[in-house]
Structures are given as C-alpha cells and as structure tokens.
Amino acid sequence: MKTDIMLISSDGSNMDAALAQVDKVAAYKGLSPKGALYLRLLAEETMSMMRAITGNVEGEFWLEDEDQVYTLHLRVNSLITEKKREQLLSASTSGKNEATRGFMGKICSFFESSSSVPMFSAGFGAGSPQMYSNCIWSLDDYREQQLEKSVVAHVADNVKVSIRGNSVEMILVKKLA
C-alpha cells in the first residue's frame, strides 16, 4: 500500500496532515501502540532533520508498506552544498549516496560533487567570502541534528539518502509486526 503523496513545507504547512496520515496507516494496519508511536516518531524526526539540514523548502512525503515493512519517504529540492551533502549522508545507515548506484550514477556523482572543487567552480577566487559562507557552525545546530540522527538511527532499521543534483530523498525503513 502507498499513501497519497503530500506536499509539506518546512514552515509547518501540511505537516500535521502528513502526521495524521501516518496515524491513519498505523490504525488501519492494526499496529500496536508502540509500533504506531515508532512510525509517528520516525515521521516527525525525519521532517525535523530534513528541515534543519536543508532549510526552508517544500517537499513530498508519503508512506509505503509491504509485508509489515514500512518505508517513509521525504523528498525535497534544495541547493545542496558540500556541508549539507555530508550532513545528509551522515544520517544514512551506509553513509553512502543511494543515487550513485551503478556505473552511470557514479559518473553523475563525480560531476555533481566536482562543482565544489575550486578548479571547477566559477566566480569564486581562493579565499573569497562566498567560498566560506556555508561553513558556519553552531553548537546548538550540532546538538539538534545529532539528537535527531540518534533518534532516527535507534528507531529505524535502515536509513537511505539519495542525492541527485538538488533533489534529496530520505527513506526510513522500519519492520513492525
């Protein structure tokens, strides 16, 4: 079963409706209170983590299940800096970009990431302020992201992150009886 794809926004638009959809799936499938809580927690934390990393964006959220395995999908389009790419991939169980599977995926990944290499970048000289503008670090941001990642990592059975261009999809997998 696949739910409707819902458009959600990091400003909170439709997030309540998306969470209500998760609750409906849990009720329809007869999940235990603990299973329903896991599913909702994963949905909340996924939306929160994606918002913390990618900023103010709109995205698509849906849920699929087959043979008691539930997959939560969140796909957004956002300008992906090297820092954001690293943060997103660090949330993945494998630490790898799922979009780079196969020969063509690896070639595309090389050219996408080479835009962050100075010799491939246009318009920014060495030491320019633009080059370092995405390198701001804050302890509060770090704590928030690490907490979200640890919740997701301890509850989800698998976390996959797929980055292709400016499209990011995070998929969380949880088996529930």
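The values are calculated or read from the model by the stated rules, or taken from the named source; none is laboratory data. Worth saying up front: this structure is predicted, and the values here are computed from it rather than measured. Cβ: placed from backbone, ideal geometry, glycine included. Neighbour counts: every protein chain shown.
Brief remarks follow.
One line per residue, one yes/no per condition, for (1) part of a helix (DSSP H, G or I); (2) modelled with pLDDT of 85 or more:
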site	(1), (2)
CYS135	no, no
ASP141	yes, no
GLN146	yes, no
LYS149	yes, no
ALA153	yes, no
SER162	no, yes
VAL168	no, yes
LEU172	no, yes
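- Considering residues of the stretch 87-105 that are in a helix (DSSP H, G or I) and small (Gly, Ala, Ser) only, the residue modelled with the lowest pLDDT: GLY105
- Residues that are touching a Leu at 6+ places or on another chain (Cβ under 8 Å), more than 13 Å from ALA156 (Cβ to Cβ) and crowded, with 21+ Cβ neighbours inside 10 Å do not occur anywhere in the stretch 65-77.
- Residues that are touching a Phe, Trp or Tyr at 6+ places or on another chain (Cβ under 7 Å), surrounded by 15 or more Cβ atoms within 10 Å (Cβ to Cβ) and assigned to a loop (DSSP other than H, G, I, E, B), drawn from the stretch 1-56: THR3
- Residue match in the stretch 51-63 (condition: of a type in the set (Lys, Arg), closer than 27 Å to LYS175 by Cβ and in contact with a Gly (Cβ under 8 Å, 6 or more places away or on another chain)): no
- A Cβ distance below 6 Å, combined with a sequence gap of six or more or placement on separate chains, defines the contacts here; from the stretch 82-100, residues that are of a type in the set (A, V, I, L, M) reach residues that are in a helix (DSSP H, G or I) in the pairs LEU88/ILE53; ALA91/LYS149; ALA99/GLY105.
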